[in-house]
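Heads up, the thing below is written out as structure tokens.
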Amino acid sequence: MDDRQFRNAMGKFATGVTVIATEVEGEGVHGMTANAFMSVSLDPKLVVISIGENAKILPKINQSNLFTVNILAANQQELSMIFAGQLKEHKEVVFDQLDGKPVIPGSVVQIACEVSTKHVEGDHTLFIGKVTDIRIEDAEPLVFYSGRYRSLKEDTPVTV
Ligand code: FAD
């Protein structure tokens, strides 16, 4: 099996799109687009994210021991592109705060976390986050499937 086949197969799992953000004192906020996000436990409330070994955000989360997960809204595709390094020009992004951690205003859900444990697996690090606060907004989510951004509104209504 080659890398392309693996990537193509994993891309067939339709997901939302998040921006993971963290803040190291004196260095400002750093964000990164990610769709490797999952809820882990209800009691205690835990989530997991998976960060590639070359991502600049990796040493920052290791240092700050905190991160937020911001589930992007359908109208926030540009933010996904900014934080995936897909835009040539630098764009200023204004962050809000939740439980003292940087979050993206207008995102569908903002989840503030403290790092509970981490596991290095292959070329990624899995961070288990203990959820310290959540904010939910009324918006449609951005969807990512097979390497393309989508919106739930495009889809044909499902008949049950
Ligand atoms: P950089 O490459 O430095 O940052 C990315 C971009 O964010 C840069 O352009 C930077 O200017 C901008 N940026 C950072 N902070 C700010 C700020 N405060 N204000 C304005 N701009 C800022 N990778 C993973 O490891 N795990 C995943 O789950 C994952 N899922 C992805 C899902 C999708 C849909 C996409 C498109 C990409 C995904 N990636 C994932 C890849 C990842 O987003 C890119 O590799 C990213 O460029 C790596 O970011 P970095 O931390 O190395 O930082």
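Checked against (1) touching a residue at least 24 places away in the same chain (Cβ under 8 Å); (2) in contact with a Leu (Cβ under 8 Å, 6 or more places away or on another chain); (3) more than 24 Å from residue 12 (Cα to Cα), residue 74 meets all criteria but (3). For the stretch 26-53: of the residues being loosely packed, with under 11 Cβ neighbours inside 10 Å and in contact (Cβ under 8 Å) with a residue 24 or more places away in the chain, which is nearest to the chain's Cα centre (by Cα)? Looking at the filtered set, the residue picked out is 53.
Scanning the stretch 110-119 for residues that are without any contact (Cβ under 8 Å) to a residue 60 or more places away in the chain and either touching a Gly at 6+ places or on another chain (Cβ under 9 Å) or within 15 Å of the ligand (Cβ to nearest atom) (or both) yields 112, 114, 115, 118, 119.
Which members of the stretch 89-103 meet the condition of being within 17 Å of the chain's Cα centre (by Cα) and near the ligand (Cβ under 10 Å from one of its atoms)? Result: 93, 94, 95, 102. Only residues that are charged (D, E, K, R), within 19 Å of residue 94 (Cβ to Cβ) and out of contact with any Ser or Thr (no Cβ under 7 Å at 6 or more places or on another chain) were counted in the stretch 6-29, giving 1. The strands (runs of 3 or more DSSP E) located wholly in the stretch 14-88 that include 3 or more residues which are away from the ligand (no atom under 11 Å from the Cβ) and at pLDDT 95 or above occupy 37-41, 66-71.
Here is a yes/no grid of residues against (1) out of contact with any Asp or Glu (no Cβ under 7 Å at 6 or more places or on another chain); (2) of a type outside the set (A, V, I, L, M):
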| position | (1), (2) |
| --- | --- |
| 14 | yes, no |
| 24 | yes, no |
| 37 | yes, yes |
| 46 | yes, no |
| 51 | yes, no |
| 65 | no, yes |
| 76 | yes, yes |
| 84 | yes, no |
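Filtering the stretch 92-108 for residues that are more than 13 Å from residue 31 (Cα to Cα), polar (S, T, N, Q) and crowded, with 19+ Cβ neighbours inside 10 Å leaves a non-empty set. What do you reckon, is residue 131 in contact (Cβ under 8 Å) with a residue 60 or more places away in the chain and away from the ligand (no atom under 14 Å from the Cβ)? So residue 131 passes the test.
The values are calculated or read from the model by the stated rules, or taken from the named source; none is laboratory data. Predicted, not measured: the structure shown is a model, and the values here were computed from it. Methodologically, a virtual Cβ is constructed for each residue, glycine included, from the backbone with ideal geometry; neighbour enumeration extends over all protein chains shown.
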